[in-house]
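Please read the structure below before turning to the comments.
Read-outs: derived from the displayed coordinates by stated rules, not from any lab. In this text, all values refer to a predicted model and were calculated from it rather than measured experimentally. Cβ placement follows ideal geometry from the backbone for every residue including glycine, while neighbour counts extend to all protein chains displayed.
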4 protein chains.
Amino acid sequence: MAKTIITVAPTGAWPSKKDNPAIPLTPREIADDVYECWQAGAAVAHLHMRDAEGRGSMDKGRFIETVGLIRERCDIVLNLTTSGDLNATDETRMAHLVAIKPELASYDAGTMNWMHKTLFVNHPEFLEKLGRTMIENGVKPEIEVFDSGMLYNAIYYIKQGVIKAPAHFQFVLGAPGGMAATVDNLVFLKNLLPAEATWSALGIGASHLPILYAALAMGGHVRVGLEDNVFYSKGRLAKSNAELVSRTVRIIQEIGEVATPADARAILKVPARV
Amino acid sequence: MAKTIITVAPTGAWPSKKDNPAIPLTPREIADDVYECWQAGAAVAHLHMRDAEGRGSMDKGRFIETVGLIRERCDIVLNLTTSGDLNATDETRMAHLVAIKPELASYDAGTMNWMHKTLFVNHPEFLEKLGRTMIENGVKPEIEVFDSGMLYNAIYYIKQGVIKAPAHFQFVLGAPGGMAATVDNLVFLKNLLPAEATWSALGIGASHLPILYAALAMGGHVRVGLEDNVFYSKGRLAKSNAELVSRTVRIIQEIGEVATPADARAILKVPARV
Amino acid sequence: MAKTIITVAPTGAWPSKKDNPAIPLTPREIADDVYECWQAGAAVAHLHMRDAEGRGSMDKGRFIETVGLIRERCDIVLNLTTSGDLNATDETRMAHLVAIKPELASYDAGTMNWMHKTLFVNHPEFLEKLGRTMIENGVKPEIEVFDSGMLYNAIYYIKQGVIKAPAHFQFVLGAPGGMAATVDNLVFLKNLLPAEATWSALGIGASHLPILYAALAMGGHVRVGLEDNVFYSKGRLAKSNAELVSRTVRIIQEIGEVATPADARAILKVPARV
Amino acid sequence: MAKTIITVAPTGAWPSKKDNPAIPLTPREIADDVYECWQAGAAVAHLHMRDAEGRGSMDKGRFIETVGLIRERCDIVLNLTTSGDLNATDETRMAHLVAIKPELASYDAGTMNWMHKTLFVNHPEFLEKLGRTMIENGVKPEIEVFDSGMLYNAIYYIKQGVIKAPAHFQFVLGAPGGMAATVDNLVFLKNLLPAEATWSALGIGASHLPILYAALAMGGHVRVGLEDNVFYSKGRLAKSNAELVSRTVRIIQEIGEVATPADARAILKVPARV
């Protein structure tokens, strides 16, 4: 059994303190939370920012502040969202990557209806610009796949040189508008991957643990955190992101080994930053 | 072996006379072509209109004119597009349904990147309006599924009462931005269908015949026509839509029976119109 | 998350004290081991006997002795093998069921090459006799499926009334001659199950944990024990069957709840014995 | 679309003149039938012999006589059964291969229950002997796969050098005791094939045409003939093997090209014999 990377997604764009009071929102809260998750065993932090009212924000300054606070204290691999605000411009979705040059950033490889209410737009022109910007700045895409078309799009962009191989994928299952969170679907997507790809998976909400167990069974990496799932178990809120990370560490240790940030950098073939 | 419905899609929104001179563009050309396809064995006609310059158009008058010419001569089941122009408004995408009340109309159950160049938008608000308009006007949706999320969306709308069961699906495989045209993928989608659904499939371009053969093997219905595929075989343009229909009739007759328009109405549970 | 049944298979027909000194072989050793596993959280015990030389045996007396020792001390559900010796007769494969009337007994629903060396024979005549004997004695079959043909055979026998529905299946993956132990294969088999069936799974050897995690992800029950896998982790022998059970309890408790023997009887619809 | 090999299986071990009077049984009948099928478009003939009472037979003399009559008249590729009589010895199952050295012979890569009545035994020892005999005599195995374990066995024997790569597989779907004849199952098996393998498929009985269409959709080769299916369509017996071959030629020609015997030798990498 190879080492398994735990990515923590502590904040996301949507959940509020009403959903779970443990969600970190300010740069300081997020940095403290990430540090605690790193202590618990997370190797990668997938970060979203919020504005003063708690709404998803692509504010570059907040990313810089938060990353600065994290880098002071630990070597966790940074994975910054590029989709933190459905109303952001193409430019504000990328500006923080140029400024910070994180190891990883999310790359949502297509467009979809979102939660039966609105659109999650990732226009082909944006995807080309984002890919080239990431190559120029040494940022590796974490290709988020909500449905199979996104995986096929990514394969197309790899062939076009817009994304460099070996690519890294995050299967995000269970978002209304995308593919449901079933083990069948996870197997289906995994079988479509390019040969050298690495991959991780997450199930949103109640499917969180089944997808986590299935990903481990199939040799994948995993993502946990309040962005995806505010509950620890049915009817019981998670006390913190670190609580979710700690459980994941225990689950992985029964079957294999938890990757350190240094392991994760080697597995993902991204250079050390710290 | 049950009876198989052949839908012909003679025009579409994209191919031009340069791609294949046999593509019918004017109401008169389309009506003549559909009549010829009906004689050849097509039971359903999926219609797009073009404007005077040959661009995809949702012009209600053209739909009315074309349908009038077709109904004078044959009982083919009418299936009108609601996605004939990427720049159309929600209203012009539906107005012809209210005016004509065809048996079927396409219902593209989600949004996607289109051909790595633009967006194919079907906003949740539009999908709700379209579904309710179709119910009010006695039009059955042919739910077009380019990727699995669209199938999951449709299941959601069925539960919401926005689409009536039993639903009818068209799997459109091989559009860049959606799911690739493989037998594996067709099997995968078919296994996600609601219990009482009927379904048809098509592969775009070179995958046309493999998907057609696989759909027949799996008990599905099929769609052919210059909208999806301008070639008859590698390097040889189709002479007409009817040539494609005639081949499909031969292929079906070796394994089963071709549905008449009356058979199709019974299978799809839509009332007779003629 | 429903409750998960842990079946322990402490002995099997093959492994010896050389493979792992912790394997229980005599009635007393097996009974003590099963008691320890019951304390650790196992709800079902799948039992094989060995003769004085440690070879697999269908000796009825040994089954009676062992079961007697177990029943004195705990309410674990009994699942007796019917395939404990490749050279046994049809009669000796069934005699202990008549004598003991355990809740469950294995039902290997077909014939296969075994380990590229010999045959594992379950002749259709035997399968009919075994099924009828089990019905007459109130023993529920645990249908062991090493390959898809065995599942199809079982469906046939259910239709024939040779096996009563709802049936219970054990997917045994990774035996050379049968289906390999992959998550793809487990998903494939699960999708072929009859509607009301319950199921469990195990992977032989190194695939033990991946199949266990996948089964939990898919809502299945699990089997562990030295019969299937003598190692705790790569290069480290299991100290005991109870060690394997305890690990499984921990893994289940992170995602759900461990079934008690009473829970197992309710889930499997077998009557209480104690 | 590559060229498709049609294998005809005119006789088999089971059907009688009562099932279909067109079944050829004597060497002369079989040779005449094969010649007619070759004229119709078959590239490979899979041959079984019958004794004077019409029972399946491995009589070497009959194989020699039949093959002699065929080779006088046409260059069809010869594929001789090694499983023509469930009571044959290992020796009589192979003796004709040594005498005739056909291009191909069937290799049933495992053991299974047969039709819920008896066993179809292919003991590991036999499979090793058969493989080595085939290599020594320049006979290429057509690996018959009735269930996934047989495919896994074949992969094992390829690794052991008992079967030479690139291997050729025949998926035999729908035999009671093996895998059912569904497109899902065909896709499943195809996805387990070694990288360079070639493959063909057949569905027994009513599933004949669906599996044929699905195999063509997936780029496989096909087998037809009264051995597998005595009906032309529901309730109508086939008039001859050649009638089945002719239909298959028509079906293939709508999607691709029928392989000649010379094409088949090139595709299967067997040397020319005539």
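Paramagnetic label reach from A:R250 (point 7 Å along Cα→Cβ; backbone nitrogen cut-off under 16 Å): within segment C:1-16, no residues. Among chain B residues, the beta-carbon with the smallest distance to the axis carrying B onto C is reported, with distance in whole Å, as B:N191, 4. For chain A, the residue among A:W199, A:A175, A:N87 whose Cα projects farthest onto the positive side of the dipole built from Cβ charges is A:W199.
Taking a point 7 Å from the Cα of C:H116 along the Cα-to-Cβ direction, the residues of segment C:9-42 with backbone N closer than 20 Å to it are C:14-15. For the options C:P102, C:P166, C:P24, a Gaussian network treatment of chain C with springs between C-alpha atoms closer than 10 Å singles out C:P166 as fluctuating the most. Taking the DSSP beta bridges with both ends in segment D:13-164, the antiparallel portion is around 30 percent. In the assembly of identical copies, D:K129 has its label point, taken 7 Å from Cα in the direction of the beta carbon, separated from the corresponding points by 2.8, 7.4, 7.8 nm (ascending, one decimal). Assuming R0 = 60 Å, what is the FRET efficiency of B:W14 and D:V98, from their Cβ-Cβ distance, to the nearest 0.05? Result of the calculation: an efficiency of 0.45. Relative to one another, the C-alpha centroids of segment A:9-47 and segment D:1-76 are positioned 72 Å apart. Label-point spacing for B:A206 across the identical copies (point 7 Å from Cα in the Cβ direction), in nm and ascending order: 3.8, 3.8, 4.5.
Given axes a ≥ b ≥ c from the Cα gyration tensor, I'd like to know whether chain B is rounded (a/c under 1.5), prolate (a/b larger than b/c) or oblate. Rounded is the answer for chain B, as its axis ratio a/c remains below 1.5. To make sure I understand the rule: partners must be aspartates and glutamates, Cα under 13 Å from the Cα of A:K159, and not fewer than 8 residues away in the same chain. Which ones qualify? The qualifying aspartates and glutamates are A:E128.
Kindly state, to the nearest 0.05, the FRET efficiency for C:A206 paired with D:T89, given R0 = 35 Å and r defined as their beta-carbon distance. Computed FRET efficiency for C:A206 and D:T89 comes out at 0.35. Comparing A:K17, A:K117, A:K60 in a Gaussian network model of chain A (Cα springs below 10 Å), the most mobile by mean-square fluctuation is A:K117. Considering only alpha-carbon pairs that sit under 8 angstrom and 6 or more positions apart, the relative contact order computed for chain D is 24 percent. Residues considered: D:A264, D:A195, D:A42. Largest GNM mean-square fluctuation over chain D, using C-alpha springs under 10 Å, is found at D:A195. Spin-label pair C:Q160-A:N137: with each label point 7 Å from Cα along the Cα-Cβ axis, the two points sit 6.8 nm from one another. For segment B:6-268, what proportion of DSSP beta bridges, expressed in % and rounded to the nearest 5, is antiparallel? Once the DSSP bridges in segment B:6-268 are tallied, antiparallel ones form about 20 percent.
What's the average, rounded to a whole number, of partner chain beta-carbon atoms within 10 Å of each residue's beta-carbon in D:188-198?
Per residue, the average neighbour count from other chains is 2.
Counting only lysines at least 8 places from C:K3 when in the same chain, those with an alpha carbon closer than 28 Å to its own are A:K234, A:K239, C:K101, C:K140, C:K164, C:K190, C:K239, C:K269. Each copy carries a label point for D:K239 at 7 Å from Cα along the beta-carbon vector; from one copy to the others these points are 2.8, 7.9, 8.2 nm apart, nearest first.
Within the protein assembly as shown, antiparallel bridges make up roughly 20 percent of the DSSP beta bridges whose residues both belong there. Charges were assigned to the Cβ only: +1 to each Lys and Arg, -1 to each Asp and Glu. The resulting dipole of segment A:84-145 about its Cα centre is roughly 40 debye. Here chain B is treated with +1 on each Lys and Arg Cβ and -1 on each Asp and Glu Cβ, and its dipole about the Cα centre works out to around 220 debye.
Other residues lying with their Cβ under 11 Å from the Cβ of B:H168 contribute a combined charge of -1, Lys and Arg counting +1, Asp and Glu -1.
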